[in-house]
Amino acid sequence: MCLYTPDDYDAKGQLKLPLAFWGVLLLQARTWLLFIMAGASRDQGTALLALFYPDTRAFWTGIALGVPAAVGLLLTGYRQRLPRLWQAWRWVLCLSLAVMLCVQFASLWLGEDTLSPWMILFTGFDLLALGWFAFSARLRDCFAPEQHLE
């Protein structure tokens, strides 16, 4: 039984990545995006970073936790050239989401961070993203080798 239509595949014969996948990667790399926006705004860059990350340690933690997502964005273009790395990267992204959630909960537990609406929103999105990465059949098939897709 065919699970996907021909429109679900790209010109290379690979299953197209869902739009939500790109959103989750951008969610995970949110500190990187803020860093790029701060660099692009030059004059207000320092103020922008201070607004979202008054604690520089939290900024560097966000940068470090966003590295797997940034690498994942780059790896999407190398799915055929690096198939084993691409297959493993789904679990790397799941692990980085889990670590991100643990860091958020630990910072709340230790009193380093206050419970703000933004933190609740991002924690909820991170939980949803982790569940989607772990249980989505479509996403699992996007990371599977092509010979397993029928």
- Within the under-14-Å Cβ sphere about P68, not counting P68, Lys/Arg +1 and Asp/Glu -1 give a net charge of +1
- Note on the structure: Read-out Rg/Rh (Cα atoms, Kirkwood Rh), candidates [x] 0.95; [y] 1.03; [z] 0.99; calculated match is [y]
- Rank L139, L101, L121 by mean-square fluctuation in a GNM of the chain with C-alpha springs under 10 angstrom and give only the top-ranked residue. L121
- Which of D113, D55, D43 moves the most in a Gaussian network model of the chain with Cα springs under 10 Å? D43
- If you place +1 on the Cβ of every Lys and Arg, -1 on the Cβ of every Asp and Glu, and leave all else neutral, what size is the dipole of the chain about its Cα centre, to the nearest 20 Debye? 320 debye
- Scanning the chain for helices, which whole DSSP H stretches are 15 Å or more long along the axis (Cα) and average -1.0 or more by Kyte-Doolittle? 30-41, 56-75, 83-109, 117-135
- Query: Which residue fluctuates the most in the chain, going by a Gaussian network model with Cα springs under 10 Å, if the choices are Q28, Q44, Q104?
  - Reply: Q44
- Please return the longest stretch of the chain lacking exposed loop sites, where trypsin sites (Lys or Arg not before Pro) count only if DSSP places them in a loop and at most 16 other Cβ atoms lie within 10 Å. 82-150
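Taken together, the values in this text are just the output of simple stated rules run on the coordinates, not laboratory data. This structure is a prediction, so every number in the text was calculated from the model and none was measured. With ideal geometry, Cβ positions are generated from the backbone for all residues, glycine too; neighbour counts draw on all protein chains shown.
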